[in-house]
Amino acid sequence: MIAQLRRLAWSSWRPIAERAARAYVAGPGLADALRVCHALAGRGDAATISWWDGDGESPRRVADAYLAAVRGLAGESLDCYLSIKAPSLGFSHELLGELVETARPTNVSLHFDSLAAEGADRTWALVREVAGRGASLGCTLPARWRRSLRDVEQAVALGIPVRVVKGQWADPEGSDRDIRRDFLAVVESLAGRARRVAVATHDPELTRAALARLCAAGTPCELELLYGLPSRAPLAIARAAGVRVRFYVPYGHAWLPYCLSQARQHPRVLWWAMRDLLSGSRGTGQC
């Protein structure tokens, strides 16, 4: 009965949720993302752009969108890199090779986002491959996963920048975790060792604690915020600490930052979506 009610709620609310999600992307095209990046640069902030593919997009289509983004960034004077999703490329070595060969001479950095845990090993194989080709790259570590403390060692050994996130997807090794504690544990493991660390959270308490640890260790760091979510409090903390701020700017298909993929298990996100839509808010900051 509960499962049936959830399916009914999903079918009723999904159109509303998807409409609300449009507030969290720059727009459907690359030009929209670059326009936002220039506006951010005008106030002294950096950016990363990411094309969010929709259901059923082929790896070839995703690769073409990424290639267009690299070429677009190469023609702009922006502090901006491209975030990519290995599963959306079908973990294809051939498609990634095209992307690396296009990005390498332009000095546009490729950053691997983190998705579901079952794709982590294959994603890390691609990270090592790109590092071996001499391209500029970075990786993301979800604090929610136990394996991230082990993956810190890979990132440090490769000498690549790291983005630390709380993480959306569950840890297959267990879910009974204190996410703030685990986030700071990953940051502590990187402090004084990593090339650069991006603290990716809108949580003011966590922002302050993580940046303080990195700054104390002399580790180059920045605060990374998701475009569209409330950011006044973490922005103020970063500014006070003298830390650079970067915004993650999605474009393409609209997805809610609190994850439409989780709505079937957590119907309350549909209420958040409706509230955003009716109020005109750019986000609830629930992630």
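Rounded to the nearest 0.05, what FRET efficiency do A116 and A157 have when you use their Cβ-Cβ distance and R0 = 25 Å? Once rounded, the FRET efficiency stands at 0.55.
Calculation over all alpha carbon pairs of region 55-107 in 5 angstrom steps from 0 returns a P(r) of 4, 20, 33, 22, 13, 6, 1 percent. Rg and Dmax of region 37-138, based on Cα coordinates, read 13.4, 40 Å. Both radii come from the Cα set of region 152-191: Rg as radius of gyration, Rh as Kirkwood radius; their ratio Rg/Rh reads 0.99. Translational diffusion of region 92-242, estimated by Stokes-Einstein from the Kirkwood radius over alpha carbon pairs at 4 °C in a medium of 1.567 mPa s, is 81 µm² per second. Taking amide H positions as modeled 1.01 Å from N, with prolines and chain starts lacking one, the residues under 5 Å from C221 and 5 or more places away or on another chain are V197.
Across region 49-56, coupling constants 3J(HN,Hα) worked out from phi with the 6.51/-1.76/1.60 Karplus curve, θ = phi - 60°, read 10, 8, 7, 8, 7, x, 4, x Hz, and Gly and Pro carry x.
Residue ranges 90-96, 159-165, 239-245 sort as 159-165, 90-96, 239-245 when ordered by packing (mean number of other C-beta atoms within 10 Å per residue, highest first).
Each peptide among 78-87, 102-111 gets the average number of other Cβ atoms lying within 10 Å of its residues, and from highest to lowest they stand as 78-87, 102-111.
Close amide H pairs (under 5 Å, H built 1.01 Å from N) link L226 with Y248, residues at least 5 positions away or on another chain.
Each value in this text was obtained by applying a stated rule to the coordinates, not by laboratory testing. Every value quoted in this text rests on a predicted model; they were computed, and no experiment measured them. Here the Cβ is made from the backbone with ideal geometry for all residues, glycine too, and neighbour counts use every protein chain on show.
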